[in-house]
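Participant: First, the structure itself, so that you have it in front of you.
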Amino acid sequence: MKLEILIQSLQHWHKESGIQHEWKSNSPYQAWVVETILQQTRIAQGSAYIERFLQRFPDVSSLAKAAVDDVLKVWEGLGYYRRAHLMHKAAKIVKERGLWPKTKDEWLNLPGIGPYSAGALASFVNNENCPAIDGNVIRVFARWYDLDINLYSAQGKRHLHSLVENHLAHCHANQYNQILMDFGSNVCKPKKPLCSVCVAQAYCKSFTKGTIEDRPIKKVKRPKTHRYFILYWHVNECQQLGMAKREAKDIWRGLWTLPHKEIAMAHWNSVIEKTNALTHRQVLSHQYINTAVLQQKAPTDISIDTHYIDLPDAILLPMDRSSRQYIDHLAKGYILRGRQ
């Protein structure tokens, strides 16, 4: 199959597929919000956050003027909170300039924008004929060309970029980038790809060689580490809850949490055995965060300042998932007693 025929077949497949993207927009602000939220987030999970974010911050000016706590509150539960911090920073830059980026290189200069997002935004918003290479595109091209190299290495990225650019010499990225992403997520899937109905079957070298399951070459993942934290729930006589704000360059920076300290696994096991503490485990990209909550005042040796905040106000603060779970569970009794 010639490249021109492949591209025509993909264009026809996409038209007939009926795939819709309700959030797709030529508005630079909405396109940027959507691309940022959907980084490392599935569409099924991200859609509600997109709607909530755009309702709360309908334009870049409202986002730039907002307090970072307000941004984190809307973002709460989505994870990868650094994205929210960088979005807030980028919004301030765009508002100050009064102009959105016009090219891929200009998008790359904004905080939080990497090569894929820059390519996607430049092609969708600015109509620039440039690649937008995400995980779907990597997988599709690795199979079409049976690439047995690490496509996450510098050499691999250059080679892949060259292949995609060759395709874009025969079509335009504004449409083709979206076709490739949709083709990868709906047909050339990571597991159980639909090879029997694939319009690119005759072009696919991995299908011919029987190496579909081996492409792309997997990125080596570092093993996840475990961290252990004791959290402290304490409401004083004024019905104020002890809370702490994470400012260090670590997980959940900028979020509010219950006061806490990190401990060794042996100490953690001892606490769990001796108390009836509530526990929670959160899975992050490279680590497991294990927490237990004790209903007592935080000891003086913790390394984070405790602030006592009226319980109804504390509940509204942006916080990490463990603190949210504990507070939602434990606050009910205090609130019900306060209404009596």
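Readers should treat all values here as calculations from the given coordinates under stated rules, not as data from a laboratory. Since this is a predicted model, take the numbers as computed values, not measurements. Note: ideal-geometry Cβ built from the backbone for every residue, glycine included; neighbour counts use all protein chains shown.
Participant: Tell me the angle of helix 321-339 to the major Cα principal axis of the chain, expressed in degrees between 0 and 90 and rounded to the nearest ten.
Facilitator: 40 degrees
Participant: Hey, got the dipole for the stretch 225-339? About the Cα centre, +1 on K and R Cβ, -1 on D and E Cβ, debye to the nearest 20? Display every interim value, and only then the final one.
Facilitator: Numbers: 14 positive and 11 negative charges, 54 e Å.
In debye, rounded to 20, the stretch 225-339 gives about 260.
Participant: Then there's this: Starting from the Cα-Cα distance between His170 and Glu273, subtract it from 0.36 nm times their residue separation and give me the gain in nm to one decimal. Before the final figure, lay out the partial values.
Facilitator: Details: separation 103, 0.36 × 103 = 37.08 nm, distance 6.55 nm.
Gain in length upon complete extension: 30.5 nm.
Participant: Work out, step by step, the length gained on full extension between Gln240 and Lys92: first 0.36 nm times the residue separation, then minus their alpha carbon distance; give nm to one decimal.
Facilitator: Values: separation 148, 0.36 × 148 = 53.28 nm, distance 3.40 nm.
That works out to 49.9 nm of additional length.
Participant: Continuing with the same structure: At most 12 other Cβ atoms within 10 Å plus a DSSP loop assignment makes a site exposed; report the longest stretch of the chain without any exposed trypsin sites (Lys or Arg not before Pro).
Facilitator: Working: sites that count: Lys2, Lys24, Arg42, Lys191, Lys218, Lys219, Lys221, Lys224, Lys249.
Result, exposed sites excluded: 43-190.
Participant: Could you pull out which residues in the stretch 257-300 have an amide N less than 20 Å from a spot 7 Å beyond the Cα of Asp313, following the Cα-Cβ vector?
Facilitator: The answer is 257-259, 298.
Participant: Starting at the first residue of the stretch 19-31, write each ³J(HN,Hα) from the Karplus equation 6.51 cos²θ - 1.76 cosθ + 1.60 with θ = phi - 60°, in whole Hz, x for Gly and Pro.
Facilitator: Each residue of the stretch 19-31 in turn: 5, 10, 10, 5, 8, 5, 8, 8, 5, x, 5, 5, 4 Hz.
Participant: Quick one: which residues, 5 or more positions from Leu255 or on another chain, have an amide H under 5 Å from its amide H? H modelled 1.01 Å from N in the peptide plane, none for Pro or chain starts.
Facilitator: It is Arg246, by chain and number.
Participant: Could you work out the relative contact order of the chain? I mean the mean sequence separation of Cα pairs under 8 Å and 6+ apart, divided by the number of residues, in percent.
Facilitator: On the way: 463 pairs, mean separation 54.4, N = 340.
Taking the mean separation of contacting Cα pairs over the length of the chain, I get 16 percent.
Participant: Over the stretch 225-339, calculate the relative contact order: mean separation of alpha carbon pairs under 8 Å at least 6 apart, over the residue count, as a percent. Mind showing how you got there, number by number?
Facilitator: Details: 186 pairs, mean separation 41.5, N = 115.
Relative contact order here is 36 percent.
Participant: To continue, here is another question. Would you report the distance distribution of C-alpha pairs in the stretch 171-238 as whole percents per 5 angstrom bin, up to the bin with the largest distance?
Facilitator: Pair shares across the bins are 3, 11, 15, 15, 11, 9, 6, 5, 5, 5, 5, 5, 2, 2, 1.
Participant: For helix 115-125, what angle does its Cα long axis make with the longest principal axis of the chain, in degrees from 0 to 90 and rounded to 10?
Facilitator: The angle comes out at about 70 degrees.
Participant: Right, something else. Starting from the amide H of Lys261, placed 1.01 Å from N in the peptide plane, find each other amide H under 5 Å away whose residue is 5 or more places distant or on another chain.
Facilitator: Amide H neighbours of Lys261: Ile230.
Participant: What number comes out for the charge environment of Asn290, summing +1 per Lys or Arg and -1 per Asp or Glu over other residues with Cβ under 9 Å away? Display every interim value, and only then the final one.
Facilitator: Numbers: positive: Arg227, Arg281; negative: none.
Net charge around Asn290: +2.
Participant: Tally Lys/Arg at +1 and Asp/Glu at -1 over every other residue whose Cβ is under 13 Å from the Cβ of Gln325; what's the total? Provide the component values of the computation, followed by the final result.
Facilitator: Values: positive: Arg281, Arg321, Arg324, Lys332; negative: Glu76, Asp320, Asp328.
Around Gln325, the surrounding residues sum to +1.
Participant: At Lys261 and Gln201, where each label point lies 7 Å from the Cα along Cα→Cβ, what is the point-to-point distance in nanometres?
Facilitator: Placing both labels 7 Å beyond Cα along the Cβ direction yields 6.5 nm.
Participant: Sticking with this one: Would you indicate which of [x] 30; [y] 36; [z] 40 is the value of percent of Cα pairs over 34 Å apart derived from the coordinates of this structure?
Facilitator: Computing percent of Cα pairs over 34 Å apart and matching it to [x] 30; [y] 36; [z] 40 gives [z].
Participant: Taking 7 Å along the Cα-to-C-beta vector as the label spot, tell me the Arg222-Val283 distance in nanometres, rounded to one decimal.
Facilitator: Distance between label points: 2.0 nm.
Participant: Right, next: Below 8 Å between Cα atoms, with a sequence gap of 6+, how large is the relative contact order for the stretch 126-231 in percent? Walk me through the numbers before you get to the answer.
Facilitator: Numbers: 100 pairs, mean separation 44.4, N = 106.
Contact order relative to length: 42 percent.
Participant: For a Förster distance of 56 Å, can you work out the FRET efficiency between the beta-carbons of Thr300 and Glu16, rounded to the nearest 0.05? Provide the component values of the computation, followed by the final result.
Facilitator: Details: r = 67 Å, r/R0 = 1.20.
Step by step, r from the Cβ atoms, then E = 0.25.
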